[in-house]
1. Please pick out the residue among T316, T211 that is polar (S, T, N, Q), within 20 Å of I131 (Cβ to Cβ) and touching a helix residue (DSSP H, G or I) at 6+ places or on another chain (Cβ under 6 Å).
2. Checking Q219 against (1) touching a residue at least 12 places away in the same chain (Cβ under 8 Å); (2) outside any loop (DSSP other than H, G, I, E, B); (3) surrounded by fewer than 21 Cβ atoms within 10 Å (Cβ to Cβ); (4) not basic (K, R), only one condition comes out false. Which one?
3. In the range 382-402, which residues are over 14 Å from L142 (Cα atoms) and surrounded by fewer than 16 Cβ atoms within 10 Å (Cβ to Cβ)?
4. Got a number for residues in the range 313-349 being in contact (Cβ under 8 Å) with a residue 40 or more places away in the chain and in a loop (DSSP other than H, G, I, E, B)?
5. For the range 131-145, does any single residue satisfy the condition of being crowded, with 22+ Cβ neighbours inside 10 Å and part of a loop (DSSP other than H, G, I, E, B)?
6. Could you grab me the full set of residues in the range 214-242 that are touching a Pro at 6+ places or on another chain (Cβ under 8 Å) and at positive phi?
7. Determine which member of the set S304, S242 is surrounded by fewer than 22 Cβ atoms within 10 Å (Cβ to Cβ) and assigned to a loop (DSSP other than H, G, I, E, B).
8. Please enumerate the residues belonging to the range 245-268 that are of a type in the set (G, A, S) and outside any helix (DSSP H, G or I).
Amino acid sequence: MDTLHVYHSTTSASVERISIFYHFSPQKTTDSHINYLFIISKPLPEYHFYSIITLTGQVNFRSARILNFGIMKEEISKMPVIPEKACGNHLEMLLKTYLGGIYHQGKVRDTYKLSDHPGKLLVVATDRLSIFDFVLNTLVPLKGEVLTAMVIFWLTDVFGDIPNHLVTYGTGIDNYLPEELRDNSSLQARAIIVQEYQVIPRECIVRGCLTGSGLKDYQATGMVGGHQLPKGLHDGSVLPRSIFTPSTKEDIGHDLNITAESVCEEFGPGLEHLSLTIFNRGARYCKQRGIILADTKFELGRDSDGNLILIDEVLTPDSSRFWDENDYAAAQQKQQSPSGYDKEPVRIYGKGLDTPFGLTGINRLDPGNTDHLAWIHSIDIPGGVIASTTTRYLDIFSRLVEKPLLEFQREDMGIQA
């Protein structure tokens with residue numbers, strides 16, 4: 001029987017863009033994937049069955065069997081808003097067709113359940129780009145491949161003795177996938193198989209230098225995350241010791257900085273201890289290669305026995321600030337922080353944009369405001385800014401891993417394409 005799968009993709013003020021992936025079971029072909037547009041009105045009811053329309057009129061289902069047709073309101077509200085250019089590529093269509101839809105969609109990563117392997121997840125790093133909690137309407141070439149390769153490197157090498165969620169990677173993911181998804185070098189380069197754990201809903205941020213939102217808190221109160229810091233620090237100052245400065249983990253909008261004490265009271269001291277242990281080891285590794293690890297964020301989970309597990313991304317240019325030692329020394333003469341090996345070119349571009357809301361800078365807009373979202377998704381990021389970002393991601397990878405991305409994929413991940 002033919003099958004019609006219905007998946008939510010993005011939201012706007014009055015339109016839900018739902019991806020419909022329709023394939024004929026006997027042929028198992030992707031040639032018949034069709035995207036339709038659902039028009040609905042807000043506010044949404046708790047559960048709603050939608051009418052599908054296209055430019056040519058009502059869809060005729062006839063012999064098609066409809067699966068998971070209807071979207072829970074609370075599920076929609078927890079999904080990041082992904083603009084059109086940043087989703088819906090061929091690989092995404094294949095995954096949704098053969099794995100039955102996205103289990104969790106983050107700003108950059110998509111997670112799929114593996115029905116034949118209970119407790120195992122496929123995590124795919126896309127080329128999507130987010131700044132200030134907005135997903136931009138663009139893609140950064142090779143970004144997802146860099147993120148995946150760096151996570152593999154850290155979890156199998158520098159942090160190989162720390163319990164983590166990684167099961168397999170590279171060509172090894174084929175053992176967990178349907179036949180139609182195997183031998184796909186693009187998927188092998190940007191996906192890993194992980195064990196599912198209970199996620200602790202806090203961002204475990206560690207800072208070795210004072211910058212970003214930590215600098216703003218310090219300038220206002222002299223404290224960061226509940227830690228009293230010495231007077232006279234400035235942008236880029238090395239802290240007397242690395243500090244744990246957690247935040248909330250918001251589904252929509254900006255995360256909120258909270259104190260280390262409050263997190264330890266709620267979840268125990270282990271989060272702070274493990275986060276500092278990982279950060280300090282990573283910082284030493286980076287320093288030996290002429291790189292300063294200014295700050296980063298981790299995510300932790302627990303297994304069935306309550307043990308802490310390192311999950312999600314680890315020390316990537318998406319989650320961390322990496323500074324070149326020479327650039328840092330020059331910037332500190334002006335009491336500034338240097339431009340890092342991360343998405344700083346995009347942040348700088350975004351901060352300088354004049355918005356139609358009387359504010360300068362994307363960082364001053366609200367991710368929960370649909371007008372702000374619509375305007376940001378209309379922005380075309382200059383090609384030079386995107387190219388600079390790709391270059392920085394590739395450069396920090398080769399400096400820390402000590403081999404180029406393609407060589408690591410071939411030698412360490414077994415990818416021969």
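The values are calculated or read from the model by the stated rules, or taken from the named source; none is laboratory data. Given the structure is predicted, the values throughout are model-derived calculations rather than measurements. Quick reminder, even Gly has a Cβ in these numbers, built from the backbone with ideal geometry, and neighbours come from all protein chains shown.
1. Among T316, T211, only T316 is polar (S, T, N, Q), within 20 Å of I131 (Cβ to Cβ) and touching a helix residue (DSSP H, G or I) at 6+ places or on another chain (Cβ under 6 Å).
2. Going through (1) touching a residue at least 12 places away in the same chain (Cβ under 8 Å); (2) outside any loop (DSSP other than H, G, I, E, B); (3) surrounded by fewer than 21 Cβ atoms within 10 Å (Cβ to Cβ); (4) not basic (K, R) one by one, Q219 breaks only (1).
3. If the condition is that a residue be over 14 Å from L142 (Cα atoms) and surrounded by fewer than 16 Cβ atoms within 10 Å (Cβ to Cβ), then P382, G383, G384, R399, E402 are the ones that fit.
4. 14
5. So far as the range 131-145 goes, yes, one or more of its residues are crowded, with 22+ Cβ neighbours inside 10 Å and part of a loop (DSSP other than H, G, I, E, B).
6. Matches in the range 214-242: G225, G236.
7. S304
8. S247, G253, G268
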